[in-house]
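The values are calculated or read from the model by the stated rules, or taken from the named source; none is laboratory data. This is a predicted model, so every value here is computed, not measured. Heads up, the Cβs are rebuilt from the backbone with ideal geometry, glycines too, and the neighbour counts pull from every protein chain shown.
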Amino acid sequence: MSIRGKAAIVGIHEYESRFDPQASELSIQADSISRALDDAGLTKDDVDAMYSHSGFLLAEYLNIFPDNIDTTQVGGGSYEFHIAHAAAAIAAGQCEVAVISYGSTARTAQRAIGTGGTATRRVPFHPEGFEAPYGTTTVGIYGLVARRHMHEFGTTSEQLAAISVSTRQHAMTNPFAVMRDEITVADVINSRVVSDPLHLLDCCLVTDGGGAFVMTSAERAKSLKKKPVFVLGAGQAVAHPGMGTRDLTTIAAAQSSKKAFAESGVKHKDVDLLMAYDSFTITVLTTIENLGFVKKGEGGPFVAEGNLTLKGKLPTNTDGGGLSSNHPGQRGIFLVFESVRQLRGERDGNQIKNAKVAVAHGTGGGLSVRHSGGTVVLSTEV
Amino acid sequence: MATEQQPYRKPLPELHPEIAPYYTGGLRAELMIKFCPNCNISFHYPRTVCPECLKSDTVWRRASGKGTVYSYTITYQNLSPGFREEVPYVLALVDLAEGVRVMTNIIDCDPKDVSVGMPVEVTWERAEELAIPKFRPQKS
């Protein structure tokens with residue numbers, strides 16, 4: 001059974017604050033769920049399914065008794081997995097109104113998402129025992145992919161920097177974005193090196209934040225307040241070192257996107273918006289290639305030609321992304337919010353004209369070690 | 001073998017029997033890698049079950065200790081104890097002659113002299129009861 005067109009996203013709320021010491025992970029989700037239900041024209045009593053890595057605790061906090069619950073936690077891309085699972089559950093009649101949510105106080109907690117490494121003296125032997133003793137950091141884990149990509153394809157730091165620059169241009173139109181000053185390729189190259197070849201401005205922010213969205217059946221969606229955004233296809237994958245021989249420039253997106261595109265029936269040329277997880281610039285580059293928008297090795301020239309702007313061939317991360325808007329640790333849910341805003345025509349100041357199809361791809365975990373990839377194809381038309 | 005930090009502050013693996021020879025072989029100057037006699041392949045990380053055929057009669061074999069750099073990153077920022085004193089250091093993936101890839105550090109050279117494809121050889125850093133396999137440029 002295909003999930004194509006069976007379920008729709010009908011309400012969203014992105015938590016506005018990027019630094020909120022009064023908030024907790026649960027309060028951010030509860031507030032966002034309440035507002036996302038308002039956006040949809042639904043109430044708490046309509047909710048019969050909850051999707052969140054803290055869903056078990058969140059049900060109690062909200063005093064909801066769901067029939068269907070999913071706490072899938074595969075890192076930053078979890079929310080694209082949640083969409084796949086919720087669409088299947090809705091299509092199978094196991095639930096009718098699902099809320100998907102995320103909340104984090106990473107900024108307040110000053111959590112070192114990017115460069116902290118582990119300080120545990122003895123770490124579990126599978127798999128950390130073969131990584132942590134060597135000083136792995138999140139930036140370093142992605143830097144290994146960047147270096148290999150440069151070696152195989154001649155990709156340059158300037159090309160990666162073009163991703164930071166176009167993402168910042170988008171952020172300048174987003175009043176909630178943390179970083180809104182224009183930057184140049186030279187600014188990125190001249191920012192300090194965190195883990196060579198990645199500079200500070202190749203890296204995402206660390207913020208608080210979260211949000212929620214509501215999914216229901218295509219049938220019920222028709223009677224709600226906002227224009228429904230239908231789920232046309234979804235794909236899930238994990239990639240890992242396997243036996244110790246994985247090609248580092250092939251990421252989980254290669255597997256997940258095949259299923260998502262095939263199920264949706266959508267062609268790459270018909271995609272109006274790409275929301276690509278941008279923990280680092282190299283994440284975006286490998287995602288564009290592995291999703292099949294360009295061939296492997298062609299990503300560098302493609303992004304350097306300005307194709308990720310509204311005037312380019314593939315407008316990408318039009319909210320300012322993790323690089324410039326916000327990154328509370330698991331940013332996959334924000335890819336959904338911006339997709340819905342664009343498809344509804346609600347993106348003041350940076351609206352893609354007549355946007356009908358968006359692809360969101362979340363990457364979770366470490367790109368050169370084990371990571372998840374979730375692709376969803378969304379559209380206002382079935 | 002590099003001398004031990006006093007006290008050793010970087011994280012170490014739990015020394016479980018399933019993986020122990022990788023981190024104790026160096027005490028005898030031996031780099032030990034798992035091998036499946038059914039598939040005639042080496043694999044890493046070490047585990048009891050062969051990741052190809054899922055049979056459990058895998059064995060440890062002494063590897064040549066020679067390899068080439070598959071990729072690397074020079075880490076300039078790591079706030080964790082033990083590493084913050086060592087930046088910049090080279091985190092690398094090394095392809096061994098046996099056909100497996102290991103995560104490691106490239107040491108005993110200027111980080112800026114490391115390149116993809118560079119021939120390297122194993123050396124060890126003592127850490128409590130362990131010897132951590134690391135790599136250095138091959139001596140010509």
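If you go through the stretch A:71-81 one residue at a time, do you hit one that is surrounded by fewer than 19 Cβ atoms within 10 Å (Cβ to Cβ) and among the acidic types (Asp, Glu)?
Just the residues of the stretch A:71-81 that are surrounded by fewer than 19 Cβ atoms within 10 Å (Cβ to Cβ), to begin with: A:71-73.
Subset that is among the acidic types (Asp, Glu): none.
Scanning the stretch A:71-81 turns up no residue that is surrounded by fewer than 19 Cβ atoms within 10 Å (Cβ to Cβ) and among the acidic types (Asp, Glu).
Annotation: A:PRO197 fulfils all but one of (1) within 14 Å of chain B (Cβ to nearest Cβ); (2) buried (at least 24 other Cβ atoms within 10 Å of the Cβ); the unmet one is (2). Among the residues making up the stretch A:306-361, those that are among the acidic types (Asp, Glu) and part of a loop (DSSP other than H, G, I, E, B) are A:ASP319, A:GLU346, A:ASP348.
For the stretch A:56-95, the set of residues classified as of a type outside the set (A, V, I, L, M, F, W, C), closer than 24 Å to A:ASP31 by Cβ and in contact (Cβ under 8 Å) with a residue 24 or more places away in the chain consists of A:TYR61, A:PRO66, A:ASP67, A:ASN68, A:GLY75, A:GLY76, A:GLY77, A:SER78, A:TYR79, A:GLU80, A:HIS82, A:HIS85, listed by residue number.
Residues in the stretch A:217-254 that are in contact (Cβ under 8 Å) with a residue 24 or more places away in the chain, among the hydroxyl-bearing types (Ser, Thr, Tyr) and closer than 23 Å to B:VAL102 by Cα: A:THR249, A:THR250. Of all the listed residues (A:LEU310, A:LEU248, A:LEU273, A:LEU314), the sole one being surrounded by 24 or more Cβ atoms within 10 Å (Cβ to Cβ) and either touching a His at 6+ places or on another chain (Cβ under 9 Å) or at pLDDT 95 or above (or both) is A:LEU273. Close contacts from the stretch B:92-119, counting a first residue that is over 18 Å from B:TYR23 (Cβ atoms) and a second that is exposed (fewer than 14 other Cβ atoms within 10 Å of the Cβ) and of a type outside the set (A, V, I, L, M, F, W, C), with Cβ to Cβ under 6 Å and a gap of 6+ residues or different chains, come to B:ALA97/B:SER64; B:PRO119/B:GLN138.
Every condition in (1) more than 10 Å from chain A (Cβ to nearest Cβ); (2) surrounded by 21 or more Cβ atoms within 10 Å (Cβ to Cβ); (3) of a type outside the set (Lys, Arg) holds for B:MET103 except the one numbered (1). Restricting B:VAL116, B:VAL87, B:VAL122, B:VAL59 to those that are buried (at least 19 other Cβ atoms within 10 Å of the Cβ), among the aliphatic types (A, V, I, L, M) and at pLDDT 95 or above reduces the list to B:VAL122. The residues in the stretch B:18-32 that are more than 10 Å from chain A (Cβ to nearest Cβ) and of a type outside the set (Asp, Glu) can be counted, and the count is 9. Picking from residues in the stretch A:118-141 that are within 22 Å of the chain's Cα centre (by Cα) and more than 20 Å from A:THR245 (Cβ to Cβ), the one that is farthest from the other protein chains (Cβ to nearest Cβ) is A:THR138.
Wholly within the stretch A:126-226, which helices (runs of 4 or more DSSP H) include no fewer than the required count, namely at least 2 residues that are in the same structural domain as A:THR250 (by TED's automatic domain parsing) and small (Gly, Ala, Ser)? Qualifying helices (runs of 4 or more DSSP H): A:138-153, A:157-171.
Do we find a residue being closer than 24 Å to B:VAL114 by Cα and either touching a Ser or Thr at 6+ places or on another chain (Cβ under 9 Å) or crowded, with 17+ Cβ neighbours inside 10 Å (or both) anywhere in the stretch B:14-25? The answer is no; no qualifying residue exists.
Residue check: is A:ARG192 without any contact (Cβ under 8 Å) to a residue 60 or more places away in the chain, in contact with a Ser or Thr (Cβ under 6 Å, 6 or more places away or on another chain), closer than 26 Å to B:TYR89 by Cβ and within 13 Å of chain B (Cβ to nearest Cβ)? Judged against the criteria, A:ARG192 is not a match.
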